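Undergrad: Quick one: the structure is below, questions incoming.
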Amino acid sequence: MISSPLISVIIVTHRRREALELCLQSLLRQKSVTELEVLVVLNGPDKASESYLREQNVNLTALEKRLTPAGARNLASKKAKGKWLLFLDDDVTLPENYLLKALELLKNKIEILGGPDQTPPNADEFERALGLALSSPLATAHTHKRHHKGEKIENGNEGKFILCHLWILREIFLQNSFDERFFRNEENVLLHVLKEKAMLYSPDLFVYHQRKAQFSKLAPAVFSSGRHRIRSFFLYPNSFRPLYLVPLLFFFYLISLVFLTHTWVLFPLVVFFVLSLFFAFKRGGFGLGPMVLSYQIFINLSYALGTLYGIVESLLLYKKLGRH
């Protein structure tokens, strides 16, 4: 362990030892490994992962009582010594020369750095289809750049960055940190608060991110994103963007079709379906196109239900949560 590392890598994990091992192995294969320290928070009892981490002599914080992921990341950041904090999800792997690319980008006068995630090369067809759906504006709107490799380096913002690999100057982060009232979307809230900081988005700085291709695993994640996006609007009103309500409005529109008889009311549905087909088959071709289409529709519906739940929940809990 070096006394003054340039980079402090923070990983929060719980009962995902196999994914964690792959993540750490990819990290230790980086050529600039001597530039960093690794801090892992075991967010709850997990004997298998704890045994492995102690064997690897990783800087480990093992929690008996679970915190929100935001709280666990904040806890680790207080122990970090690096100039830069790199937040990694435990189910990502770093491509070759990831850190070397990052170090080159960090030479710019920036305070926050990020890029997209990509589907792992060994993924099955369902994971690849989901990855393509996530990169579609019809599924993730303006945040599709979190999953889509563009062509140029540009200024960053909360719509482009993803928490599975996010760089923030430690000095900046310790002045703000993640809002621990959020179980998900905490990075969006923080990046909104820090929107005046110098942010850089690089499409070539990407990680491989495991995909929750099973609908039973994808639904809770997307639902939670919608739910916590609404919570952020209640607690940070100036972060509100009407675009995030479009899936919910479309959901209500679909329900209204049961009661409406005029054929013209089908026009928005036809437009949505045509656009969905276009983006699905443009990305997935005839092989993956049908699955991409299914994921696009499923993501929109799951997000809509999450936003609906978030509205009801936030109205009931608004006073209890308190405005920030």
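Undergrad: Using 0.36 nm times the number of residues separating residue 55 and residue 274, minus their current alpha carbon distance, what extension gain do you get?
TA: Full-extension gain reported as 73.4 nm.
Undergrad: Counting heavy atoms of the protein chains only and a 1.4 Å probe, report the per residue accessible area for the range 251-309 as a whole number of Å².
TA: Spelled out: the 1.4 Å probe surface of the range 251-309, per residue, equals 60 Å².
Undergrad: Name the residue farthest towards the positive end of the dipole of the chain from the options 218, 289, 51, assuming +1 on Cβ of Lys and Arg, -1 on Cβ of Asp and Glu, about the Cα centre.
TA: Farthest towards the positive end: 218.
Undergrad: Amide H of residue 148: which non-local residues (sequence gap of 5 or more, or other chain) have their own amide H closer than 5 Å, using H built in the peptide plane?
TA: Here 117 satisfy the definition.
Undergrad: At 18 angstrom or more along the helix axis (alpha-carbon based) and mean Kyte-Doolittle of -1.0 or higher, what helices does the chain contain? Whole DSSP H runs only.
TA: Helices passing the filter in the chain: 215-235, 267-321.
Undergrad: Let me ask something else. About its Cα centre, how strong a charge dipole does the range 176-277 have in debye, to the nearest 20, once Lys and Arg get +1 and Asp and Glu get -1 at the Cβ?
TA: 200 debye
Undergrad: Less than 26 Å apart at the alpha-carbon level, and either on another chain or at least 8 residues along: which lysines does that give for residue 31?
TA: Reachable lysines: 79, 81, 83, 101, 107, 109, 149, 152.
Undergrad: Mind ranking 225-232, 24-31, 213-220, 200-207 by how tightly packed they are, going by the mean number of other C-beta atoms within 10 angstrom, highest first?
TA: With the highest mean Cβ count within 10 Å placed first, the list reads 225-232, 200-207, 24-31, 213-220.
Undergrad: Something else about it: How large, in percent, is the carbon and sulfur part of the accessible surface of the range 57-151 at a probe radius of 1.4 Å?
TA: The value for the range 57-151 is 49 percent carbon and sulfur by accessible area.
Undergrad: What does the charge dipole of the range 16-94 about its Cα centre add up to, to the nearest 20 debye, if the Cβ of each Lys and Arg holds +1 and the Cβ of each Asp and Glu holds -1? Don't skip to the answer; put the middle values down first.
TA: Details: 13 positive and 11 negative charges, 67 e Å.
The dipole magnitude comes to about 320 debye.
Undergrad: Then there's this: Less than 12 Å from a label point 7 Å out along the Cα-to-Cβ axis of residue 238: which backbone N atoms in the range 162-196 qualify, by residue?
TA: Flagged as within label range: 192-196.
Undergrad: Evaluate the charge dipole of the chain about its Cα centre and quote only its size in Debye, nearest 20, assuming +1 on the Cβ of each Lys and Arg and -1 on the Cβ of each Asp and Glu.
TA: 640 debye
Undergrad: Among 310, 278, 199, which residue has its Cα furthest toward the positive end of the charge dipole of the chain, with +1 on Lys/Arg Cβ and -1 on Asp/Glu Cβ?
TA: 310
Undergrad: Residues with amide H under 5 Å of residue 9's amide H, sequence separation 5 or more or different chain, H placed in the peptide plane at 1.01 Å from N; which?
TA: Residues meeting the amide H criterion: 37, 38, 39, 86.
Undergrad: Would you mind calculating the gained length between residue 29 and residue 258 on full extension (0.36 nm times residue separation, minus the Cα-Cα distance), in nm to one decimal?
TA: Contour length minus the Cα-Cα distance gives 76.8 nm.
Undergrad: When a/c reaches 1.5 or more, the comparison of a/b and b/c decides; with that in mind, is the range 185-307 rounded, prolate or oblate per its Cα gyration tensor?
TA: oblate
Undergrad: What is the extension gain from residue 174 to residue 110, computed as 0.36 nm multiplied by their sequence separation minus the C-alpha to C-alpha distance, in nm to one decimal?
TA: Between residue 174 and residue 110, full extension yields an extra 21.4 nm.
The values are calculated or read from the model by the stated rules, or taken from the named source; none is laboratory data. Bear in mind the structure is a predicted one, so any value in this text is a computation, not a measurement. Neighbour counts run over all protein chains shown; Cβ positions are idealised from the backbone, glycine included. Quick note on the areas: whole protein, heavy atoms, side chains included, nothing else; ligands and nucleic acids left out. Shrake-Rupley method; radii C 1.70, N 1.55, O 1.52, S 1.80 Å.
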